[in-house]
Amino acid sequence: MISDYLSTVDWSRAQFAMTAIYHWLFVPLTLGLGFLIAIMETLYFRTKDPFWLRTTKFWMRLFGINFAIGVATGLILEFEFGTNWSNYSHFVGDIFGAPLAIEGIFAFFLESTFIAVMFFGWRKVSRGFHLTATWLTAFGANLSAWWILVANSWMQDPVGCDFNLETMRNEMTSFSAVALSPVAINKFFHTVTSSFVLAALFVVGVSAWYLLRRREQLMARRSIAIASAFGFVFAIITAITGDRSGAIVARVQPMKLAAMEALYDGQEGAPLTAVGILRPEAQRTEGKEAFYFKIDIPKMLSLMSFRSADAFVPGINDLVYGNEEYGVMSASEKIERGRVAVEELGRYRTAREKGDTAAVARIKAKFDRSTPQGKEFLHEHFTYFGYGYLSSPEQIVPNVPLLFYSFRLMVGAGSFFILLLGLVWWLNHKDRLASKRWLLWTAVWTVPLAYLASQAGWIIAEVGRQPWAIQDLMPVGVAASKIPSGSVSATFFLFLGLFTALLVAELSIMFRQIRTGPQND
């Protein structure tokens, strides 16, 4: 039974990860392309030039294809919380469900309502109303992303909630703390601005293909002019929010930061590894360097993480085994404290079943935040509640190589995007871009790189949080539903086939539309 349950957890993780990866292939383009289309339609509204109408409709067709498939994968992703992660849904559904419900009721219906006007309202509504519908569709898509990212951010940093002993659930105590946490705000801006960059690179790449084919050159040049400027600005903003993300992660998820840097032993004035090749874990022994080779930027990790060049940055070993000198508690100590909290909940459940009112009252006092006893117990023990379900300290270490290389792919690609978009804008502005065939081909092949970088960002966010479904509060092994592993594995392959077919269909339709090009009314 235990092995079957563990297999269920693994299959549930694999299914959710696969669904999220496929879903995120469609979402970023929707978030950014909607605004680029709105800008182009605004130019049509102001100039009444049929060229901008034709251009807007072309990019709108590509947006529509992507939007439809993104919705389909997103709906399945949300249902998986109830089917595969029912313990998670019960434990924190009061908190996690609120932003998802708002997303469904307001944001999703906003974009769904106005997207109909956007696609089918030409010549049926006034140009001004149609333009408004296009802008509202773009804003609706990003508003939808806001609430989804609020929910995800709460999993990274569970704030604005308290544990209800009666219901055995965490319940929301402050909606504003959940919705406006520093993690949520920064994650939203970092995610959407990086999506704007991806959309800009998509438009630049497709337009570059037209220039290489010597087709639709006016549309290509003007689309590049808008998209490259748009992308360049937001690529810089993405870098700024990325820097802020590092500082936040250092405070709320130090293990994620240590794994991203493959920093095993913490140090003051910690360097940032710009480039490096890791040794396999099996070859890394205590005291042996974790890298075959690396190039460091002195003190940069301390500066980026704690805004001080000499700040101490804890490493993986510090977080696992503790570091008394710097006040870092070991994971084994946290596990012991967490088990005390878990055991108290077990005693409370037993006492309530037996009708032992005296024992119920004693345990309730320990969970009462308004009393000195409650404050002490909650701070000393319940803070580490999730650790009580771990079997060993080493479980808190995520996949170090995956995080290390994903981080460098994301940052390296992001730096390259800034340079590429700036150069493309400048040469296009000087009317010299069409002759730079090497650069046009670079722009075309940068489109898949943008998707890889986007996926790498989510790998860092989600794999870096492991083994936690909710940081420090609930491990994934506890969050999963107790259902037969065969049910999850069967749906895994079903969804894999379905999503792959949808992706192939989307790419086929997209490529056909691009080859066809803009159409005249």
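The residues of segment 466-501 that are part of a helix (DSSP H, G or I), open to solvent by 50 Å² or more (accessible area, probe 1.4 Å) and among the aliphatic types (A, V, I, L, M), listed by number, are ALA490, LEU494, LEU496, LEU498, ALA501.
Candidates in segment 117-129 are the residues that are aromatic (Phe, Trp, Tyr), under 17 Å from ARG61 (Cα atoms) and outside any loop (DSSP other than H, G, I, E, B); of these, the one that is least open to solvent (accessible area, probe 1.4 Å) is PHE119. If you go through segment 174-194 and keep only what is open to solvent by less than 40 Å² (accessible area, probe 1.4 Å) and either without any contact (Cβ under 8 Å) to a residue 24 or more places away in the chain or aromatic (Phe, Trp, Tyr) (or both), you end up with SER174, ALA177, PHE188.
Output the number of the condition that PRO401 fails; it satisfies all remaining conditions of (1) under 27 Å from PRO280 (Cα atoms); (2) surrounded by fewer than 21 Cβ atoms within 10 Å (Cβ to Cβ); (3) in contact (Cβ under 8 Å) with a residue 40 or more places away in the chain; (4) out of contact with any strand residue (DSSP E or B) (no Cβ under 8 Å at 6 or more places or on another chain). Just one mismatch for PRO401, condition (4). Flag: VAL71 does not match the condition of being open to solvent by less than 30 Å² (accessible area, probe 1.4 Å) and either out of contact with any Gly (no Cβ under 8 Å at 6 or more places or on another chain) or over 24 Å from TYR22 (Cα atoms) (or both).
Out of all the residues in segment 78-96, which are in contact with a Ser or Thr (Cβ under 8 Å, 6 or more places away or on another chain) and either open to solvent by 30 Å² or more (accessible area, probe 1.4 Å) or part of a loop (DSSP other than H, G, I, E, B) (or both)? Passing the criteria: PHE81, GLY82, THR83, ASN84, TRP85, SER86, ASN87. The set of residues from segment 308-344 being among the hydroxyl-bearing types (Ser, Thr, Tyr), surrounded by 14 or more Cβ atoms within 10 Å (Cβ to Cβ) and farther than 23 Å from GLU289 by Cα comprises just one member, SER332.
Checking each residue in segment 155-173 for being open to solvent by 20 Å² or more (accessible area, probe 1.4 Å), farther than 24 Å from ALA461 by Cα and not in a strand (DSSP E or B) picks out GLU166, THR167, MET168, THR173.
Enumerate the pairs (first residue in segment 308-333 and of a type in the set (Phe, Trp, Tyr); second residue anywhere and in a loop (DSSP other than H, G, I, E, B) and surrounded by fewer than 18 Cβ atoms within 10 Å (Cβ to Cβ)) with beta-carbon separation below 6 Å, excluding pairs fewer than 6 apart on the same chain, so at least 6 apart or on different chains. Note: pairs meeting the criteria are TYR321/SER330.
Of all the criteria given as (1) within 21 Å of the chain's Cα centre (by Cα); (2) over 30 Å from ASN170 (Cβ atoms); (3) surrounded by 17 or more Cβ atoms within 10 Å (Cβ to Cβ), the one not satisfied by ALA107 is (2).
Can you tell me which residues in segment 413-440 are of a type in the set (A, V, I, L, M, F, W, C), without any contact (Cβ under 8 Å) to a residue 60 or more places away in the chain and either in a loop (DSSP other than H, G, I, E, B) or open to solvent by 30 Å² or more (accessible area, probe 1.4 Å) (or both)? PHE416, LEU419, LEU423, TRP426, TRP438, listed by residue number. Among the residues of segment 86-115, those that are aliphatic (A, V, I, L, M) and within 19 Å of GLY74 (Cα to Cα) comprise ALA98, LEU100, ALA101, ILE102, ILE105, ALA107, LEU110, ILE115. For THR241, the conditions (1) free of Cβ contacts under 8 Å to residues at least 24 places away in the same chain; (2) among the hydroxyl-bearing types (Ser, Thr, Tyr); (3) in a helix (DSSP H, G or I) are fulfilled apart from (1).
THR132 passes every criterion in (1) in a helix (DSSP H, G or I); (2) touching a residue at least 24 places away in the same chain (Cβ under 8 Å); (3) surrounded by 15 or more Cβ atoms within 10 Å (Cβ to Cβ) apart from (2). Considering PHE58, PHE114, the condition of being modelled with pLDDT of 90 or more and buried (at least 20 other Cβ atoms within 10 Å of the Cβ) is satisfied by PHE58 alone. Answer yes or no as to whether ILE148 is more than 16 Å from the chain's Cα centre (by Cα), surrounded by 15 or more Cβ atoms within 10 Å (Cβ to Cβ) and assigned to a helix (DSSP H, G or I). For ILE148, the condition - more than 16 Å from the chain's Cα centre (by Cα), surrounded by 15 or more Cβ atoms within 10 Å (Cβ to Cβ) and assigned to a helix (DSSP H, G or I) - is not met.
None of ALA456, ALA450, ALA443 is in a helix (DSSP H, G or I), closer than 30 Å to SER392 by Cα and open to solvent by less than 10 Å² (accessible area, probe 1.4 Å) except ALA456. Looking at segment 351-362, is at least one residue of a type in the set (Ser, Thr, Tyr) and part of a helix (DSSP H, G or I)? Within segment 351-362, one or more residues are of a type in the set (Ser, Thr, Tyr) and part of a helix (DSSP H, G or I). Among all residues of segment 221-233, there is at least one that is touching a residue at least 40 places away in the same chain (Cβ under 8 Å) and either among the β-branched types (Val, Ile, Thr) or in contact with an Asp or Glu (Cβ under 7 Å, 6 or more places away or on another chain) (or both).
The values are calculated or read from the model by the stated rules, or taken from the named source; none is laboratory data. Computed from a prediction, not measured in an experiment: that's the story for all the values here. Because the Cβ atoms are built from the backbone with ideal geometry, glycine has one as well, and the counts that use them run over all protein chains shown. Just so you know, the surface numbers come from the protein's heavy atoms only, side chains and all, with ligands and any DNA or RNA stripped out. Shrake-Rupley method; radii C 1.70, N 1.55, O 1.52, S 1.80 Å.
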